[in-house]
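The values are calculated or read from the model by the stated rules, or taken from the named source; none is laboratory data. Keep in mind that this is a model prediction, so the values were computed, not measured. Here Cβ is always computed from backbone atoms with ideal geometry, including for glycine, and neighbour counts include all displayed protein chains.
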Amino acid sequence: MTLDQMKPSSEGRIKRISVKDKLGQRLMDMGVYAGLRLKVIRNAPLEDPMEIELDGYFVSLRHDEARFVEVE
Amino acid sequence: MDILSASGTMKPALWRWNKVQSEKILVALAGQPNCGKSTVFNALTGASQHVANYPGVTVDKMTGWYRHNGRKVEVVDLPGSYSLTSYSPEERVSRDFILHEKPSVTVNVMDASNLKRCLYLTFQLLEMDIPVILNLNMMDVVKQRKLDIDTDKLSNRLGIAVVPTAMKQGRGKKELMEAIDKVALSEHTVRAARIEYGEMEPVIRNIMKRLSSETSLESLYPIRWLAIKLMEGDREVQRLVQENHSDFKSLLAYVEKLREDFEALYDEAPEVHIANRRYQMADDITRDCLRLPASAKRPFSDKIDGLVCHRILGPIIMIGVIWLLYYLAIVQGYNLTNYTWPVLAKLRGLVESLTPDPGFIEIPLSRAFFLWVVDSVNALLNYIPIFFILFGLIAILEDSGYMPRMAFIMDRLFSRYGLHGQSTLPMVLGGIYVGGCAVPAIMSCKGIPDERSRLATILIIPMLNCLAKVPLYVLLINIYFAAHKAWAMFFISTISLLLVLPVSKILTLTILRDKETAPFVMEMPSYHMPTIRGVVGRALERVWLFVRKITTIVVSVAVIIFMLLQFPGISKDRMAYYHGEKDKAITAFQKRIKGTGYAEGLQGDNLMALVLYWDEYISTRMTVKDEEAAAGMNASFKERNPVFFSIVQPGDDKDAKKVNKAFKGLFKERKGMLREIRKERIDNSFLGRLGKWMEPVTRWAGFHWRVNVALLSALAAKESSVATLGALYEQEEEGEALEKRMAKGEEGFTPLHALALMLFMVLYPPCLATAIAVKIQAGSARWMLFSIIYPMVLGIAVAILVFSLGSALGLSGLQAMFAFYGLALALTIFMGLYKNKLDNID
């Protein structure tokens with residue numbers, strides 16, 4: 001499954017980031033890396049972007065970006 | 001890059017840190033965003049701060065200094081960044097500064113309550129083999145959340161000094177200064193913790209070997225860092241190799257091969273491996289040094305977000321916040337100007353008293369000039385209370401952490417039009433509803449990471465409702481839409497947004513198409529209570545920026561416009577004609593008062609003295625409100641000149657009454673002559689000629705040459721449009737409002753004319769100060785020119801469309817207004833839908 005398909009308040013473990021370069025690096029720098037547990041907190045009022053919790057802090061990202069994060 | 005050019009002549013030595021030779025210490029502050037770095041910077045340096053730009057990029061360089069133990073310590077606040085890659089200009093300037101300026105100490109400020117993620121950056125700093133102090137800031141939050149950090153153990157594991165602080169409460173400042181001194185003055189020999197990259201280590205060593213044997217980079221940069229960066233695929237380091245290696249191709253091909261082999265062997269991209277290793281180490285150290293409370297509560301910030309980002313409540317709260325922003329800044333700020341305006345009026349009075357007195361029909365050039373400049377500056381200074389409140393409130397929004405929430409709520413909408421969630425703040429500042437200022441708005445665009453969105457935001461902001469456009473709107477609405485004021489005001493306040501979104505969309509689909517984009521991925525930081533010092537400080541700083549804009553740009557442009565309006569002036573023949581008229585009027589007056597006791601005393605200069613006396617009496621009278629003050633005023637005027645006073649206030653004296661009546665007539669005639677001279681001068685002036693020259697085109701938009709002149713003068717600062725109209729529609733009677741004068745002066749002017757004019761004003765090119773801000777933020781003069789020309793073309797096109805079509809269809813101003821609004825709304829919705837299709841094709 002990819003992150004963009006997850007519904008608010010569902011949880012999972014990051015399996016892999018399937019994008020390189022700028023977006024891949026940015027995701028890693030913001031703390032999205034394989035093995036970490038994450039939880040979807042909410043979608044924005046207009047559905048996009050979404051907010052996730054990683055290890056005690058909160059990150060928002062667009063669904064277009066979240067589809068490169070594989071979750072199990 | 002002077003370090004590189006010097007490398008050829010210097011004996012290569014190993015990369016070494018600068019020792020402090022002088023009395024001065026250079027300190028860099030590095031840290032991730034939202035870690036309280038600017039609080040630390042402010043606490044250390046106080047008011048001694050200075051903003052500049054890093055060369056070649058639009059990133060602010062904040063420098064400050066303090067004295068400690070007799071040494072001057074210079075502190076550079078590097079831009080906040082999560083990492084040190086080459087993908088963003090902030091990260092590039094941070095690492096370039098560290099590597100090239102070689103600060104004696106780099107203080108890594110971190111949010112101690114977010115230890116693990118912050119260590120990710122710490123490791124990257126340590127990898128550069130530089131002296132680092134870890135500043136665990138926000139210890140108050142750590143305590144509040146009942147976290148327990150073992151700072152000694154952390155210091156041991158990292159191999160560097162760790163200083164805990166709670167800078168917002170001012171705690172730990174002295175300790176941090178001591179630690180900076182200590183590290184700066186000692187040899188950099190401490191071996192800090194180093195990340196082992198496991199399977200990648202042999203590869204890193206091989207690259208290091210080749211780098212040191214084939215290039216002289218070893219003397220300039222930390223070699224292990226270079227090798228790791230090459231494995232990460234860092235473009236900037238590749239470029240560095242290219243510049244310093246005759247056979248760079250073979251080395252870079254070698255690295256590329258190593259990267260591919262690594263990925264094939266371990267099924268993991270090298271940069272992913274590197275990031276994972278850093279996080280593993282961070283995790284390991286955090287486990288060792290941090291103890292969590294037994295029961296972890298849901299963070300308070302998240303509870304707030306439950307409301308603030310709520311599907312329904314979120315947008316309502318946001319609208320409430322923006323409304324409050326406007327209410328406090330614009331409405332209440334405007335009330336405050338009632339108290340500040342008299343001060344400015346006094347300033348004008350002072351200037352007036354210092355300049356030469358006017359003659360009967362000749363106004364000395366210096367008098368006209370200085371009053372013009374003072375009026376131009378006052379028009380802008382009048383906004384200071386509004387700006388102070390506005391900037392203070394924005395600082396509160398920024399410091400509290402609400403801004404990212406706004407971006408979160410608005411991104412979906414804005415991104416459809418090629419903008420970004422973070423365009424929200426600039427657009428609020430620019431006047432998304434009514435009353436902003438494009439200069440701070442454009443300045444605040446630098447936070448937008450995505451270049452395409454940033455440029456789009458910069459280019460559309462001048463079309464929002466800047467505060468200076470409002471007086472013209474109010475003027476026109478009061479005259480031509482008096483019966484539907486509320487509708488007209490709503491129209492003008494919201495139409496700019498409906499024009500700006502499609503325009504942004506078109507720009508991003510055309511000329512901005514190939515600009516770089518950046519990921520949205522954004523931290524949602526914890527909420528914080530803003531401090532009074534931080535808020536007031538920032539508000540003052542920004543107001544000061546605004547004042548500087550006035551004194552430099554607006555004054556110089558006011559001078560230019562003055563000249564364009566004043567010259568070439570009236571021909572000698574015409575002036576001689578006016579002198580003849582004047583002599584006639586005076587002779588007639590003398591004849592009329594002949595035989596009264598006053599005739600003798602009102603010859604030559606004395607008559608002129610009475611003109612000035614009368615003038616002053618009237619203008620003083622206008623400022624007096626109650627009976628008592630009026631009596632006091634009369635007494636003082638009487639004391640100054642009892643004879644003149646009896647003419648001004650004749651009472652029952654027959655002679656005096658006669659003279660009073662005759663003089664009133666003369667005074668009115670003089671006024672008429674002055675007005676005619678001024679009108680003739682403007683008709684004749686360069687600006688007037690330009691306005692007339694443009695009339696064949698602007699006619700289709702319903703703009704008459706006088707309006708052209710006002711619009712031309714608005715290029716300087718939009719306030720000028722009303723000021724120039726004021727000058728063009730001379731005061732007929734004392735105290736007559738411009739509304740009346742304009743209505744009188746423009747008899748053919750209909751609401752449809754006014755609508756076209758207002759729409760042109762919405763799209764009007766940026767004022768000069770804004771144009772300069774565009775140049776700074778967009779980084780090139782070409783964008784500045786573009787930002788001036790395209791709204792002008794667009795504006796005249798829209799005005800012509802509305803006026804010509806409206807006239808042809810026989811629409812009234814209000815009908816045309818609704819029609820245009822519907823059109824703009826439809827276009828905006830259509831553009832918003834259009835994007836999705838296009839994205840799918842992409």
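Kindly establish whether A:Val71 is touching a Gly at 6+ places or on another chain (Cβ under 8 Å), more than 7 Å from chain B (Cβ to nearest Cβ) and under 24 Å from B:Asn114 (Cα atoms). When the stated conditions are applied, A:Val71 passes them. Looking only at residues that are among the β-branched types (Val, Ile, Thr) and touching a residue at least 40 places away in the same chain (Cβ under 8 Å) in the range B:28-72, which one is surrounded by the most Cβ atoms within 10 Å (Cβ to Cβ)? Among those that are among the β-branched types (Val, Ile, Thr) and touching a residue at least 40 places away in the same chain (Cβ under 8 Å), it is B:Val40. Evaluated against (1) at pLDDT below 80; (2) in a helix (DSSP H, G or I); (3) under 30 Å from B:Glu600 (Cα atoms), B:Arg670 falls short on exactly one condition, (1).
Scanning the range B:62-111 for residues that are among the polar types (S, T, N, Q) and more than 14 Å from every other protein chain (Cβ to nearest Cβ) returns B:Thr63, B:Asn69, B:Ser104, B:Thr106, B:Asn108. Residue count for the range B:191-200 under the criterion of being small (Gly, Ala, Ser), within 23 Å of B:Glu260 (Cβ to Cβ) and not in a helix (DSSP H, G or I): the result is 0.
Restricting attention to the range B:167-210, and to residues there that are closer than 22 Å to B:Ile285 by Cα and touching a Gly at 6+ places or on another chain (Cβ under 7 Å), which single residue is surrounded by the fewest Cβ atoms within 10 Å (Cβ to Cβ)? Among residues in the range B:167-210 that are closer than 22 Å to B:Ile285 by Cα and touching a Gly at 6+ places or on another chain (Cβ under 7 Å), the one surrounded by the fewest Cβ atoms within 10 Å (Cβ to Cβ) is B:Arg191. Within the option set B:Lys664, B:Lys572, B:Lys625, being among the charged types (D, E, K, R) and at pLDDT below 80 holds for one residue only, B:Lys625.
Do the conditions hold for B:Phe637, that is, is it under 25 Å from B:Ala585 (Cα atoms), of a type in the set (A, V, I, L, M, F, W, C), assigned by TED's automatic domain parsing to the domain that holds B:Tyr598 and assigned to a helix (DSSP H, G or I)? No.
The rows are residues; the columns are (1) within 14 Å of another protein chain (Cβ to nearest Cβ); (2) in contact (Cβ under 8 Å) with a residue 40 or more places away in the chain; (3) over 27 Å from B:Val51 (Cβ atoms).
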{"residue": "B:Asp514", "(1), (2), (3)": "no, no, yes"}
{"residue": "B:Phe520", "(1), (2), (3)": "yes, yes, yes"}
{"residue": "B:Met524", "(1), (2), (3)": "yes, yes, yes"}
{"residue": "B:Gly534", "(1), (2), (3)": "no, yes, no"}
{"residue": "B:Val543", "(1), (2), (3)": "no, yes, no"}
{"residue": "B:Val547", "(1), (2), (3)": "no, yes, no"}
{"residue": "B:Val559", "(1), (2), (3)": "no, yes, yes"}
{"residue": "B:Ile570", "(1), (2), (3)": "no, yes, yes"}
{"residue": "B:His579", "(1), (2), (3)": "no, yes, yes"}
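Are any residues in the range B:281-314 in a helix (DSSP H, G or I), of a type outside the set (Gly, Ala, Ser) and either surrounded by fewer than 18 Cβ atoms within 10 Å (Cβ to Cβ) or facing another protein chain (nearest Cβ under 10 Å) (or both), and if so, which ones? Answer for the range B:281-314, where residues must be in a helix (DSSP H, G or I), of a type outside the set (Gly, Ala, Ser) and either surrounded by fewer than 18 Cβ atoms within 10 Å (Cβ to Cβ) or facing another protein chain (nearest Cβ under 10 Å) (or both): B:Asp283, B:Asp284, B:Thr286, B:Arg287, B:Asp288, B:Phe300, B:Asp302, B:Lys303, B:Ile304, B:Asp305, B:Leu307, B:Leu313.
From the list B:Pro791, B:Pro766, the lone residue that is closer than 20 Å to B:Leu455 by Cβ, within 32 Å of the chain's Cα centre (by Cα) and outside any helix (DSSP H, G or I) is B:Pro766. Residue-level check: of (1) at pLDDT below 90; (2) buried (at least 16 other Cβ atoms within 10 Å of the Cβ); (3) under 37 Å from the mean Cα position of the chain (by Cα), B:Ile317 misses just (1).
Of everything in the range B:358-388 that's in contact with a Pro (Cβ under 8 Å, 6 or more places away or on another chain) and not in a helix (DSSP H, G or I), which residue is surrounded by the most Cβ atoms within 10 Å (Cβ to Cβ)? Step by step, filter the range B:358-388, then rank; the result is B:Pro358.
Screening the candidates B:Leu185, B:Leu217 for the property of being of a type in the set (A, V, I, L, M) and more than 30 Å from B:Ala264 (Cα to Cα) yields one hit, B:Leu185.
Among what's in the range B:489-542 and is of a type in the set (Lys, Arg) and buried (at least 17 other Cβ atoms within 10 Å of the Cβ), pick the residue that is farthest from B:Leu397 (Cα to Cα). Quick ask: steps written out before the conclusion?
To start, the set of residues in the range B:489-542 that are of a type in the set (Lys, Arg) comprises B:505, B:513, B:515, B:533, B:538, B:542.
When the remaining residues are screened for being buried (at least 17 other Cβ atoms within 10 Å of the Cβ), the result is B:505, B:538, B:542.
Numbers: B:Lys505: 28, B:Arg538: 12, B:Arg542: 15 Å.
My answer is B:Lys505.
One residue stands out among those in the range B:338-357 that are assigned to a helix (DSSP H, G or I) and β-branched (Val, Ile, Thr): the one that is nearest to B:Cys466 (Cα to Cα), which is B:Thr340. Restricting attention to the range B:393-431, the residues that are surrounded by fewer than 22 Cβ atoms within 10 Å (Cβ to Cβ), in contact with a Leu (Cβ under 9 Å, 6 or more places away or on another chain) and away from chain A (no Cβ under 14 Å) add up to 3. The condition (being hydroxyl-bearing (Ser, Thr, Tyr) and out of contact with any helix residue (DSSP H, G or I) (no Cβ under 6 Å at 6 or more places or on another chain)) is satisfied by just one residue among B:Ser504, B:Ser453: B:Ser453. Across the range A:18-40, what is the total count of residues that are in contact (Cβ under 8 Å) with a residue 24 or more places away in the chain, touching a helix residue (DSSP H, G or I) at 6+ places or on another chain (Cβ under 8 Å) and at the interface with chain B (Cβ under 7 Å from one of its Cβ atoms)? Selection size over the range A:18-40: 3. With the structure loaded, tell me whether B:Ile330 is of a type in the set (Val, Ile, Thr), closer than 30 Å to B:Asn34 by Cβ and modelled with pLDDT under 80 or whether it fails that test. Against the criterion (of a type in the set (Val, Ile, Thr), closer than 30 Å to B:Asn34 by Cβ and modelled with pLDDT under 80), B:Ile330 qualifies.
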